[in-house]
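What follows draws every value from the coordinates through simple rules; no lab data is involved. Computed from a prediction, not measured in an experiment: that's the story for all the values here. As a convention, Cβ positions derive from the backbone with ideal geometry for all residues, glycine included, and neighbour counts pool all protein chains shown.
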Amino acid sequence: MIHIALIRGVNVGGRTLLMADLRGACEKLGLRHPRTLLQSGNLVVEGPGAPAEIEARLEQGLKKRLGMDLEFFVRSPREWDAIIRNNPFPKEAKSDPGHLVLLCLKHRVAPPAVRELRGRIPGRESVAGRGREVYATYPDGAGTSKLTNALIDRVLGTRSTGRNWNTVLKLQAMAEA
């Protein structure tokens with residue numbers, strides 16, 4: 001079984017994880033064919049178990065092997081395909097994929113939480129989503145946006161990690177290869 005795993009907050013703000021070390025640790029955990037994309041914690045692995053089991057295995061195993069508390073967000077290829085298919089911003093996915101961000105959530109959120117987040121956006125950003133995924137557009141870029149991960153996590157009541165649409169599509173292609 002193939003799994004797509006995202007790590008929150010590595011190789012930013014001084015928290016460094018070499019992708020070669022990540023791949024090596026995955027192999028020692030019995031996960032096969034670990035492949036990484038970029039240096040920001042994007043991983044595709046093969047191994048038995050449901051996504052939640054792989055998530056826990058990675059978090060516990062990498063803490064033991066590398067001494068790092070890492071937060072993983074794991075999805076199956078079927079879930080990933082549904083994420084892409086259910087994108088509420090298809091126009092932005094085609095015209096400006098670098099400013100469309102998928103936010104994978106640790107826990108499910110209800111529609112009222114997403115509506116509350118939408119109501120707190122001070123700029124031109126838009127959000128939509130449900131369950132364990134929220135999509136956000138950043139027409140002016142995420143770097144100066146007030147729609148930050150801290151705000152998103154606080155309002156939704158769960159942790160998140162984001163990837164732009166280009167990365168989302170590249171991870172789909174890696175999982176299919």
Looking at segment 4-112, how many pairs of lysines come closer than 22 Å at the Cα, when each pair is eight or more places apart or spans two chains?
4
Ranked on Cβ counts within 10 Å of their own Cβ, fewest leading, 33, 3 go 33, 3
Computed over the chain, the relative contact order (Cα-Cα under 8 Å, seq sep at least six) in percent reads 23 percent
List the residues of segment 1-42 whose backbone N lies under 17 Å from a point placed 7 Å from the Cα of residue 176 along the Cα-to-Cβ direction.
2-4
Which of 144, 93, 109 sits farthest toward the positive end of the charge dipole of segment 80-166, with +1 on the Cβ of Lys and Arg and -1 on the Cβ of Asp and Glu?
109
